[in-house]
Amino acid sequence: MIWRRSTDRRGQGVQPLGDDLAQNRPGDAVRRKIEELQPNPLLRLVGRWMPGSEIRSWSDGLVGERVTGRRINRLRWRGWYVLHAVQWSTGADIDHLAIGPAGVFAINSKRHRGKTVWYGDAAITVNRAPTRHIATSRSEARRISRALSRRCGIDVPVRPVISVVDAAKLTVKNANPPVLVLGVEQVARVLSGLAPTLTPQQVAHIYQAARSARTWTARP
């Protein structure tokens, strides 16, 4: 095993080469998917501008994750840790994880450029068309909670968040939402303003587990 010291600015310990997810950039998993779909750089560029193409769909998602990533990285100056593109052994990935005094948050970036997004009691519609955003985010948060709780040896609740990027209008009609649905420009401010639930020691412990790729590839 080759070891290196992480370049994470907090310098939290030493991780095996390739195991430290603190090295990941926003959208890394999506970028790799796009490169797999189209290895040729020129054709990838063309695909990003072709209406209805799979490359264009993934590219829109990549833009959304990068915008959300830049915004939530600001939490690092407020006592938080942030991870991006956390990949499961199945190949699926978690867009972003924020771990701080207010708890652990699984942040899913959704780019709906120029569209109207409405969040009612239990579902999100985009231009009045129903989506599975809420159900998917809640399921993902439960899975993340199980993985972190198993690795940390303590119960680690995880709250799902949806970061809405580039929507023409976002309306939230829910006083106590099971999923926080926020415009991307609100995410860091809202999370940093929540009441603390974890000690600094607990935050650091959970982060150490979350940043290790082994946490997300271990068998249940």
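Bear in mind that the values in this text are calculations on the coordinates, not laboratory data. Computed from a predicted model, the values in this text were never measured in an experiment. When we count neighbours, we look across all protein chains shown, and the Cβ atoms used for this are built from the backbone with ideal geometry, even at glycine.
What to note about this one:
- In loop segments of region 69-115 as defined by DSSP, the trypsin sites (Lys or Arg not before Pro) with at most 15 further C-beta atoms inside 10 Å of their C-beta are ARG113.
- Proximal lysines to LYS169, defined as alpha-carbon separation beneath 26 angstrom and excluding residues fewer than eight positions away on the same chain: LYS110, LYS115
- Mean Cβ neighbour count within 10 Å, used as a protection proxy, ranking 96-107, 124-135, 142-153 highest first: 96-107, 142-153, 124-135
- Among 196-203, 174-181, sorting by the average number of other beta carbon atoms lying within 10 angstrom of each residue, highest first, gives 174-181, 196-203.
- Inter-label distance, nm, simple model (7 Å from Cα along the C-beta direction), ALA195/ALA123: 3.3
- Burial ordering of GLU36, GLU140, GLU185, GLU65, fewest other beta-carbon atoms within 10 Å first: GLU36, GLU185, GLU140, GLU65
- Region 72-116 and region 117-173 have Cα centres spaced 11 Å apart.
- Ellipsoid equivalent to region 21-217 - semi-axes via the Cα gyration tensor, in Å: 27, 22, 15
- Ratio of the Cα radius of gyration of region 163-220 to 2.2 N^0.38 Å, where N counts its residues: 1.54
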